[in-house]
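The values are calculated or read from the model by the stated rules, or taken from the named source; none is laboratory data. Only a predicted model underlies this, so the values are computations on that prediction, with no experimental measurement involved. Every residue, glycine as well, gets a Cβ built from its backbone with ideal geometry; the counts of neighbours run over all protein chains shown.
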């Protein structure tokens, strides 16, 4: 993989430091490669390396940067211990920014539009009553198309690519790390409880700051008013049939193939 990504070996690859993030520093080599140097080191293979190598070496999924190599630290003790990922080398993907910045910019544009509507128009916007699965199968409301704009298509594409990645990660049923695991009732209950606790905590923070938001001249007050009118205090998982969904091993997200969460009004 490295020779293919490297290209012509006679051509130099001048290094350029791209910036410093919370946990790593990135260095670009020409237009072919990028190295991520980790500053927060933990025992074990970094998930970026583990997932990236599996996708690169075992699947045909091409919508993530391919892994060209990794730098690992191994102890000399007889027991050895777990290796530690120090750096990851990947193919460089030309871009105009990342999805996080794009999302923040899109949110800023949305708040400008929402502010122009006025508080009365915002209060009259219909709130969906259907479950998530029903909403997925239906068309976007006209108001969402008008206020959110092109970001809806970007979000749809991101969801499609994420689903394709999950399918790629579970493509090897015999792999010791990435083979699917049964999504048992006990795990469902644990996940349900965790989601409820996190939702309660976020809503508590929002309620505590509500008066500040309401007095603010900025569009955040629209969000605060919406949450005050409708607060999902309970998340109810809906399991259908006797078939068992699967949790994806070694990933930070879980695919809810046959589950919907319903937000109930307070």
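Among what's in region 179-213 and is assigned to a loop (DSSP other than H, G, I, E, B) and in contact (Cβ under 8 Å) with a residue 60 or more places away in the chain, pick the residue that is farthest from the chain's Cα centre (by Cα). Talk me through it step by step, then tell me what you get.
Start the filter on region 179-213 by keeping residues that are assigned to a loop (DSSP other than H, G, I, E, B), which leaves 179-180, 183-184, 209.
Cutting the leftovers down to in contact (Cβ under 8 Å) with a residue 60 or more places away in the chain gives us 179-180, 183-184.
Working: 179: 21, 180: 20, 183: 20, 184: 23 Å.
Taking the candidates together, the pick is 184.
Which of (1) exposed (fewer than 14 other Cβ atoms within 10 Å of the Cβ); (2) over 21 Å from the mean Cα position of the chain (by Cα) does residue 35 not meet, given it meets every other one?
It fails just one condition, (1).
Find the residue count for region 75-104, including only residues that are free of Cβ contacts under 8 Å to residues at least 12 places away in the same chain and over 22 Å from residue 2 (Cα atoms). Even if it seems obvious, please write down each step before you answer.
Residues of region 75-104 that are free of Cβ contacts under 8 Å to residues at least 12 places away in the same chain, as a first pass: 75-80, 95-98, 100-101, 104.
So of that shortlist, the ones also over 22 Å from residue 2 (Cα atoms) come out as 75-80, 96-98, 100-101, 104.
So the answer is 12.
Can you tell me which residues in region 161-178 are surrounded by 15 or more Cβ atoms within 10 Å (Cβ to Cβ) and part of a loop (DSSP other than H, G, I, E, B)?
Matches in region 161-178: 170, 171, 172, 175, 178.
Results for (1) surrounded by 12 or more Cβ atoms within 10 Å (Cβ to Cβ); (2) out of contact with any strand residue (DSSP E or B) (no Cβ under 8 Å at 6 or more places or on another chain); (3) at pLDDT below 90, shown as yes or no for each residue.
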{"site": "128", "(1), (2), (3)": "yes, yes, yes"}
{"site": "139", "(1), (2), (3)": "no, yes, yes"}
{"site": "186", "(1), (2), (3)": "no, yes, no"}
{"site": "189", "(1), (2), (3)": "no, yes, no"}
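Which of the residues spanning region 73-120 are surrounded by fewer than 15 Cβ atoms within 10 Å (Cβ to Cβ), in a loop (DSSP other than H, G, I, E, B) and on the phi < 0 side of the Ramachandran plot?
74, 75, 76, 77, 78, 79, 82, 93, 94, 95, 96, 98
Could you run through region 2-43 and say how many residues are within 30 Å of residue 81 (Cβ to Cβ) and assigned to a helix (DSSP H, G or I)?
Of region 2-43, the ones within 30 Å of residue 81 (Cβ to Cβ) are 2, 20-27, 33-43.
The next check asks that each one be assigned to a helix (DSSP H, G or I); those that pass are 2.
Of the residues in region 2-43, 1 are within 30 Å of residue 81 (Cβ to Cβ) and assigned to a helix (DSSP H, G or I).
What number of residues within region 44-72 are touching a strand residue (DSSP E or B) at 6+ places or on another chain (Cβ under 6 Å), in contact (Cβ under 8 Å) with a residue 40 or more places away in the chain and either surrounded by fewer than 20 Cβ atoms within 10 Å (Cβ to Cβ) or in a helix (DSSP H, G or I) (or both)?
Matching residues across region 44-72 total 5.
What tally of residues in region 17-40 results from selecting those that are at pLDDT below 90 and closer than 29 Å to residue 172 by Cβ?
Qualifying residue count for the region: 2.
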